[in-house]
Amino acid sequence: MYEIRPESLKSFIEDTNIKLPRFQRKQTWDDKKNFQLCISIFKEYPLGVSILNVEDNGGLKTRWLLDGRQRRNALTKFYRDPENVYLWAKKFIGLKATDQLLDIDEKFWKKINEYLEEDELNEEVDENSNSEYIGVENLDQDELNETEQKYDKSKTGLELLLHIIKLTHNKSTKYSGFTRPFDFTKEIPNLPYSIVNENGKKVLSSLKLKSFISEYKNYCSNDSLDYTLEESFEQFMKYRFSFDDKTQRNIELKISQRWDNIFERIDILDKINNLYLNSKIGLIEVKNLKSVDAQKIFNIINSEGTKLSAVEILSAKPSWNVVIKNPNEPQINAIKDLYKTINVINEDIVKWDLPATLLNRIEYCNLFFKEFNENSKTDFSKSITLGFKILAGKYQNGVTKDDIDKLGRNKNIHWESEFEEFVGDLNTVSKLILSSDYFKYLKSWKFSIITQLSDAISINFILLTYKDWVRKGKPIGNDLRVKQLQKNAFSILDNSIYEYVTKIWRGSSDSKISRNLAEFNNQHDIIKPISDNKWNSLLNEILEDSTIDGNPINQGLVQPILYHFYAISKIQGPDTNYKIEVDHIIPQSLFKASTIENKEVIVHNIFNLALLPKDENVSKSNKKLTEITNEWLIDEIKKYEFIDLSDFRKYSDLNNLNELKELRGEIILNAFKDKRNNILNN
């Protein structure tokens, strides 16, 4: 006998009558799984089902939790102490103490996109945000409120989760971003939320602060006060603590200066409380099971399952299951390969199959996308989703989930004929673009827009170049319009690399792609490129300061510029049999062992990076130039790093770092000034 019913998360975690059987697995998930559960909470996804065995002993009921212990533990830890989500996010997202707020934005959305198996989220991210991280250790208490972004009470979902993470960052030895507005330790030595940590130092506890805030709200409720008002908090502090007039004035001054930030924390706790009140978890209650039955149920419900992907959800929609009546041979073969990969026998070919196989039908797609590993579920799902987004961009002028849904219901598309025509057009456009010198050189270095930039930029590039080709009348051969198409393709990628590096492309990009598609028809026949001054300013900042817009560089941001430089400079990549490595000319090991200031950033400066061929048994790897003995590799270094053999010893010494910067910096700047202009003006 069993009963299935929903219960609020709050009731589930606060039920003290729930007991744990001994055969349960360990109590806690790892930090990554805990954070994934938080994503589900803020996305308001279903939170699974827990199994309870209810025993009735003479009217005294005990509820044994057969399944859901780790879930309940994670739910409880986050509810009691919201700072836990920051600790979990550090592992899931890969946050570092030195990360600035913009870095957190970028890392958060990237990991969220990967986890949800979406290329981009529909939630809009403020692309104009210029928030900065300021170390909390160096701030005067009265200045803390000036470092906060203005609180937006309307934040919900993943934006609220991100806000909590950014609010807590960066934890110091004394407090975190969450607790610091409540730091009254100078005025009140024994704050109830001040504890002594394992190192013997006093710190502010967010766990105890939550209890203190609950105490404040209870006080307001009992005295019919509005807890959202500053005066109520001042009155509570006066009631709660005994202090003299001078201390009271100091406390009231700090409350006045920090009230927006204090109330922000209170409001966030309210939002979390409401989430727990309104979110439901499914409970299956069975009654008076024997221990062997309980053990068996636990084993059954915890057997390995298969995660439902976004692609599988799309394939279940009726609008995508319309039969294609007369598929041609290329379609049949591509779809046969698709179903062979997923180990499913298909009968009819349906509409869903066409966009799902689009990328496999593009003959020259490695530059735009990459070689997807059919044995990787992530790669497989991504390649299918990209096909849907490209078709949605063509027909719906947008790439969101809603656009894809509308694509499936668009009755003006003649799928039997138009899809095949579009495949042919994409192959023609790709071939024309790749026949230009710049893209030939870029391809020779195995450059991939997806790998070096992002999924969104690759979609944006292929859709804009396709639209440009169509508006030019679909030219082929040596037509002047083909030259204009190739020049525009260069400008689109040049702009994209610049915008990626300067973080204009970040967070959710669906809306940016839609804007670009909508605005494209109003652009001139020859697309306006990024100005020389912008590139020169960016490159000089990287070379001289190792920063981009004042933020420290990293290898991932500099790498696309490096590939761009080699292609602009008309430097042919190695034979196709070789792999490519991004080499640190002065190796990372030397920087690591040095006392150079900012060494962990300077090591990735573009003047210290070069592209090199990598043979199976021969590569430079982390060696100094003087340690290279293979003659073939020495020749490759001379050719691609622009360093004479006589200078190998010089550039194996960190003391000559500035000389390396002068040597290679000048080459890079000249390439972006002269050789880039040659491409744009010819």
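Just name the residue that is surrounded by the fewest Cβ atoms within 10 Å (Cβ to Cβ) out of those in the range 64-89 that are part of a helix (DSSP H, G or I) and among the hydrophobic types (A, V, I, L, M, F, W, C). Explain how you work it out, then say what you get.
Residues of the range 64-89 that are part of a helix (DSSP H, G or I), as a first pass: 69-80, 84-89.
Remaining after also requiring among the hydrophobic types (A, V, I, L, M, F, W, C): 74-75, 78, 85, 87-89.
Values: Ala74: 25, Leu75: 23, Phe78: 24, Val85: 26, Leu87: 16, Trp88: 24, Ala89: 27.
Ranking the qualifying residues of the range 64-89, first place goes to Leu87.
Going by what's in this entry, would Ala489 be described as modelled with pLDDT of 95 or more, surrounded by 22 or more Cβ atoms within 10 Å (Cβ to Cβ) and more than 23 Å from Pro574 (Cβ to Cβ)? Break it down into steps so the answer makes sense when it comes.
On the way: modelled with pLDDT of 95 or more: yes; surrounded by 22 or more Cβ atoms within 10 Å (Cβ to Cβ): yes; more than 23 Å from Pro574 (Cβ to Cβ): yes.
So Ala489 passes the test.
Can you tell me which residue in the range 236-255 is nearest to Phe178 (Cα to Cα), limited to those that are without any contact (Cβ under 8 Å) to a residue 12 or more places away in the chain and among the polar types (S, T, N, Q)?
Looking at the filtered set, the residue picked out is Gln248.
Determine, yes or no, whether Lys370 is under 19 Å from Ser454 (Cα atoms), basic (Lys, Arg), outside any loop (DSSP other than H, G, I, E, B) and modelled with pLDDT under 85.
Details: under 19 Å from Ser454 (Cα atoms): yes; basic (Lys, Arg): yes; outside any loop (DSSP other than H, G, I, E, B): no; modelled with pLDDT under 85: yes.
When the stated conditions are applied, Lys370 does not pass them.
Whether any residue in the range 340-360 is hydrophobic (A, V, I, L, M, F, W, C) and closer than 24 Å to Ile497 by Cβ is what I want to check. Break it down into steps so the answer makes sense when it comes.
In the first step, residues of the range 340-360 are kept if they are hydrophobic (A, V, I, L, M, F, W, C); the result is 342, 344-345, 349-350, 352, 354, 356, 358-359.
Pick out the ones that are also closer than 24 Å to Ile497 by Cβ and you get 359.
Yes, the range 340-360 has at least one match.
Got a number for residues in the range 541-550 being loosely packed, with under 12 Cβ neighbours inside 10 Å and either touching a Leu at 6+ places or on another chain (Cβ under 8 Å) or β-branched (Val, Ile, Thr) (or both)?
Of the residues in that region, 0 qualify.
Between a residue in the range 256-282 that is over 22 Å from Glu230 (Cα atoms) and any residue that is surrounded by fewer than 19 Cβ atoms within 10 Å (Cβ to Cβ) and among the aliphatic types (A, V, I, L, M), which pairs come within a Cβ distance under 6 Å, given they are 6 or more apart or on different chains?
From residues that are over 22 Å from Glu230 (Cα atoms), the pairs are Ile281/Leu47; Gly282/Val49.
Of the residues Asn360, Asn410, which single one is farther than 16 Å from Ala334 by Cα and surrounded by fewer than 22 Cβ atoms within 10 Å (Cβ to Cβ)? Lay out the reasoning, then the answer.
Numbers: Asn360 fails: farther than 16 Å from Ala334 by Cα.
Result: Asn410 is the single residue among Asn360, Asn410 that is farther than 16 Å from Ala334 by Cα and surrounded by fewer than 22 Cβ atoms within 10 Å (Cβ to Cβ).
Any residue at all in the range 588-602 that's touching a Pro at 6+ places or on another chain (Cβ under 6 Å) and within 18 Å of Gly665 (Cα to Cα)? Step through it out loud before you land on a result.
Looking only at the range 588-602, we keep the residues that are touching a Pro at 6+ places or on another chain (Cβ under 6 Å), and these are 601.
From what's left, within 18 Å of Gly665 (Cα to Cα): 601.
Yes, there is a match, as at least one residue in the range 588-602 is touching a Pro at 6+ places or on another chain (Cβ under 6 Å) and within 18 Å of Gly665 (Cα to Cα).
When the range 94-108 is examined, which residues are found to be in a helix (DSSP H, G or I) and either small (Gly, Ala, Ser) or touching a residue at least 60 places away in the same chain (Cβ under 8 Å) (or both)? Give the steps one after another, and end with the answer.
Quick first cut of the range 94-108, residues in a helix (DSSP H, G or I) only: 94, 101-108.
If the condition is that a residue be in a helix (DSSP H, G or I) and either small (Gly, Ala, Ser) or touching a residue at least 60 places away in the same chain (Cβ under 8 Å) (or both), then Gly94, Leu101, Leu102, Asp103, Ile104, Asp105, Glu106 are the ones that fit.
For the range 413-453, give me the residue count where each residue is free of Cβ contacts under 8 Å to residues at least 12 places away in the same chain and within 27 Å of Ser319 (Cβ to Cβ).
First, pick out the residues of the range 413-453 that are free of Cβ contacts under 8 Å to residues at least 12 places away in the same chain: 414, 417-418, 421, 424, 440.
Imposing the further condition that a residue be within 27 Å of Ser319 (Cβ to Cβ) reduces the set to 414, 417-418, 421, 424.
Residues in the range 413-453 being free of Cβ contacts under 8 Å to residues at least 12 places away in the same chain and within 27 Å of Ser319 (Cβ to Cβ): 5 in total.
Answer with yes or no whether Ile251 is within 24 Å of Lys155 (Cβ to Cβ) and assigned to a helix (DSSP H, G or I).
Numbers: within 24 Å of Lys155 (Cβ to Cβ): no; assigned to a helix (DSSP H, G or I): yes.
The answer is no for Ile251.
Residue-by-condition table, conditions (1) touching a residue at least 12 places away in the same chain (Cβ under 8 Å); (2) surrounded by 14 or more Cβ atoms within 10 Å (Cβ to Cβ); (3) over 21 Å from Asp647 (Cβ atoms):
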residue: Leu539; (1), (2), (3): yes, yes, yes
residue: Pro552; (1), (2), (3): yes, yes, yes
residue: Leu557; (1), (2), (3): yes, yes, yes
residue: Ile585; (1), (2), (3): yes, yes, no
residue: His604; (1), (2), (3): yes, yes, yes
residue: Phe607; (1), (2), (3): yes, yes, no
residue: Asp615; (1), (2), (3): yes, yes, yes
residue: Lys620; (1), (2), (3): yes, yes, no
residue: Thr626; (1), (2), (3): yes, no, no
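For the range 397-415, which positions are under 15 Å from Trp320 (Cβ atoms) and either assigned to a helix (DSSP H, G or I) or among the aliphatic types (A, V, I, L, M) (or both)? Walk me through how you get there before you give the answer.
Step one: filter the range 397-415 for residues under 15 Å from Trp320 (Cβ atoms), giving 401-411, 413, 415.
Passing the criteria: Lys401, Asp402, Asp403, Ile404, Asp405, Lys406, Leu407, Gly408, Arg409, Ile413, Trp415.
Take the range 514-537 and flag every residue that is part of a loop (DSSP other than H, G, I, E, B) and surrounded by 14 or more Cβ atoms within 10 Å (Cβ to Cβ).
Initial filter on the range 514-537 (part of a loop (DSSP other than H, G, I, E, B)): 521-531.
Result: Gln523, Ile527, Pro529, Ile530.
Test Ser594 against the stated conditions and say whether it is assigned to a loop (DSSP other than H, G, I, E, B), more than 22 Å from Asn540 (Cα to Cα), at pLDDT 90 or above and among the hydroxyl-bearing types (Ser, Thr, Tyr).
On the way: assigned to a loop (DSSP other than H, G, I, E, B): yes; more than 22 Å from Asn540 (Cα to Cα): yes; at pLDDT 90 or above: yes; among the hydroxyl-bearing types (Ser, Thr, Tyr): yes.
Answer is yes for this residue.
Counting just the residues of the range 177-213 that are of a type in the set (Gly, Ala, Ser) and within 22 Å of Tyr227 (Cα to Cα), which one comes out surrounded by the fewest Cβ atoms within 10 Å (Cβ to Cβ)? Give the derivation first.
In the first step, residues of the range 177-213 are kept if they are of a type in the set (Gly, Ala, Ser); the result is 177, 194, 200, 205-206, 211.
Now narrow it down to the ones that are within 22 Å of Tyr227 (Cα to Cα): 177, 205-206, 211.
Working: Gly177: 24, Ser205: 20, Ser206: 22, Ser211: 13.
The residue in question is Ser211.
Name, by its number, the condition in (1) more than 23 Å from Leu101 (Cβ to Cβ); (2) in contact (Cβ under 8 Å) with a residue 12 or more places away in the chain; (3) outside any loop (DSSP other than H, G, I, E, B); (4) out of contact with any Asp or Glu (no Cβ under 6 Å at 6 or more places or on another chain) that does not hold for Tyr227.
(3) is the only condition that Tyr227 fails.
So, in the range 573-590, of the ones that are in a strand (DSSP E or B) and not acidic (Asp, Glu), which residue ends up modelled with the lowest pLDDT?
Narrowing the range 573-590 to residues in a strand (DSSP E or B): 579-584.
Narrowing further to those that are not acidic (Asp, Glu): 579-580, 582, 584.
On the way: Lys579: 87, Ile580: 91, Val582: 92, His584: 94.
Per the criteria, the residue is Lys579.
Just to verify a result, which residue in the range 328-348, among those that are in contact (Cβ under 8 Å) with a residue 24 or more places away in the chain and farther than 23 Å from Asn427 by Cα, is surrounded by the most Cβ atoms within 10 Å (Cβ to Cβ)?
Filtering first and then ranking leaves Ile342.
The values are calculated or read from the model by the stated rules, or taken from the named source; none is laboratory data. The structure presented is a predicted model; accordingly, all values stated were derived computationally and were not measured. Cβ atoms come from the backbone with ideal geometry, glycine included; neighbour counts cover every protein chain shown.
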